[in-house]
Every structure is written in structure tokens, then in C-alpha cells.
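Below you'll find the structure, written out as C-alpha cells, and then a few comments.
Just so it is clear, none of the values below were taken in a lab; they were calculated from the coordinates. Just so it is clear, the structure is predicted and the values come from calculations on it, not from any experiment. Ideal geometry is used to build each Cβ from the backbone, glycine not excepted, and the neighbour counts take in all protein chains shown.
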Amino acid sequence: MDREGKVLVRTLPSSYPTELVVEIGEQMIAAFRDATAAQLPLSEIVVNYSSLKITARELRGGVIVFLAAKVSTERD
């Protein structure tokens, strides 16, 4: 995603909602900008949910975001 919030490349399946992709990217850009404004520059943000892992890296004002589904390792 570039610094204006435009998705440049997308490798997710077409069934994944575009609105959600844009929202995740915008939130990651905002987090990097807020950190820079607070003089706490970040290079990477990792967010873990129960079924999803989001990893974002800052790229010259833009962001690259990786979404990974979490697979349960528990056995019944």
C-alpha cells in the first residue's frame, strides 16, 4: 500500500473483501505515522489474533502487509 492508501499489489484470493484489505492497510499506515510523530519510529508491527496474524513493515511512507491464517496445533 502506498502512502496515499492505494493498494499496489494484492496476492489474496478475490474472495477476501477489498474493504477489509484497505482498512487493515490504512490502520497500519496510521500506526507507523503515529509512532513517528511520537518519536518512536517502528520498522515492523505484528498483530496476533486467534485465527489471523498481521505483519506490517514500513516502506518509505507506505506499508507492506502480510496476512497469515493461524492453524491450530492442538490435537483432540
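Any idea what the relative contact order of the chain is, in percent, if you count C-alpha pairs under 8 Å spaced at least 6 apart?
Once divided by the residue count of the chain, the mean separation gives 29 percent.
So, counting K/R as plus one and D/E as minus one, what does the shell of residues with Cβ under 13 Å around L8 add up to?
Here the count lands on +2.
For the chain, list log₁₀ I(q)/I(0) at each q in 0.25 Å⁻¹, using the Debye formula over Cα point scatterers of equal strength and ignoring solvent, two decimals each.
Per q value, in the given order, log10 I(q)/I(0) is -1.21.
What does the charge count around R33 come to, taking other residues whose C-beta lies under 12 Å from its C-beta (Lys +1, Arg +1, Asp -1, Glu -1)?
Counting the neighbours of R33, the net charge comes to -2.
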